[in-house]
Each structure stands twice: as C-alpha cells, then as structure tokens.
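The values are calculated or read from the model by the stated rules, or taken from the named source; none is laboratory data. None of these values were measured; they are calculated from a predicted model. Cβ placement follows ideal geometry from the backbone for every residue including glycine, while neighbour counts extend to all protein chains displayed.
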Amino acid sequence: MAREDNRRDRRDSREETPEFADRLVAINRVSKTVKGGKRFGFAALVVVGDQRGRVGFGKGKAKEVPEAIRKATEQAKRQMIRVPLREGRTLHHDIEGRHGAGKVVMRTAAAGTGIIAGGPMRAVFEMLGLQDVVAKSIGTQNPYNMIRATIDGLTQESSPRQVAQRRGKKVADVLKKADAEVAEA
C-alpha cells in the first residue's frame, strides 16, 4: 500500500513541475493510397523547454494534427536534457554537433547579440533560454537532423564547474588557465 502512495506522490510531483513552453517546428502530411482513395496522416516535430537550461524534442504521428502535436510534446518532455548556461544567457564555449549529413556550429556571443540561427535551431535555443548565440547549419536543411545535431552539440557543453570537478581542481584554477591562454594569444 505504501508503495502505491509513493508512486502516486512521485507522479503528482512530476505533474506539478514548472510548466514547459513548446514550439511546433515542422508538420508533415503523409498519404497512404488504399483501395478507396488516399488516407492522410500527420507527423509533427516539437521542441519543449523550460527556458532555464532544459530542452527536449519529440516527434509524433497520428491521423489528426492536434493528436500528432500532443504525442510529440509528450515524447519531448520525456527526452529532456539539461544544458549549463553562462550567466543564464549564452554558451560556455564554442561547440559543434553532428547527426547524419547535418553539422551545426554554435558559438558564444556577447550580450545583446540575440539568437542568430536558422529555423529549427532557433526554436531549440529559444526553448533552452539562450539569449545570445551565433549558429550555422552546414550540410542539411532537414529539420529533424538539424535539431538532432543541435542537441548533440548541446550535450557536449560543459561548464567550468564540471571541468574542474572532472580534473580535480578548483573552478578558479580552470578559469585562470583559460584566461592566461587568451592573454598569450
């Protein structure tokens, strides 16, 4: 009995989590030819995020558009990743993401730059909460592959705290070394 209560509590707390914003990136109508004519279905691609460092994407297929969007949103909420942001507005370092023929280059930007990126990447950055970033997609215009490449790059993002912890040093030591290398160049 206690186990069921714990499950119910966890489920309730999950539903009370902060509300996520979602963005419909692409919707595709597909048809299947059958004996009586054509049957249409819809595929939706949705990006979901809390605009404070968490983002995810999902795809859903159904006979009706709203149902496809609902399925995609649910999948996106299940597949969220956390990305460390510098000052809550930009990336810590330049990164490159790849998926299939798609390659995405993302660079940090000064305050006030804004989001300079193509359609699907822009949706990911807005849902993530980035305010200043410069990005370029190379090799594909397929929104699925662009989003996957962007998410791949964002998973490689690491904050100075994570680097210091991995190397067994203090954050100040890691940042000093990076500043010294910039001064030499």
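Observations
- Filter result for the condition that a residue is closer than 18 Å to Phe57 by Cβ, surrounded by 14 or more Cβ atoms within 10 Å (Cβ to Cβ) and touching a residue at least 24 places away in the same chain (Cβ under 8 Å), over Pro160, Pro143: Pro143
- Strands (runs of 3 or more DSSP E) fully within segment 20-92 counting 2 or more residues that are in contact (Cβ under 8 Å) with a residue 24 or more places away in the chain, charged (D, E, K, R) and within 14 Å of Ala123 (Cα to Cα): 21-34
- Taken as a whole, the structure leaves Gln165 outside the set of residues that are touching a strand residue (DSSP E or B) at 6+ places or on another chain (Cβ under 8 Å) and polar (S, T, N, Q).
- Candidate set from segment 100-131 (those that are among the hydrophobic types (A, V, I, L, M, F, W, C), out of contact with any Lys or Arg (no Cβ under 6 Å at 6 or more places or on another chain) and assigned to a strand (DSSP E or B)); member that is farthest from Asp152 (Cα to Cα): Ile116
- Verdict on Val174 being β-branched (Val, Ile, Thr), modelled with pLDDT under 95, closer than 25 Å to Ala44 by Cβ and surrounded by 15 or more Cβ atoms within 10 Å (Cβ to Cβ): no
- Any hit, segment 80-91, residues being at pLDDT 90 or above, of a type in the set (Lys, Arg) and surrounded by 18 or more Cβ atoms within 10 Å (Cβ to Cβ): no
- Residue match in segment 48-56 (condition: loosely packed, with under 15 Cβ neighbours inside 10 Å, outside the structural domain of Glu19 (by TED's automatic domain parsing) and at pLDDT below 90): no
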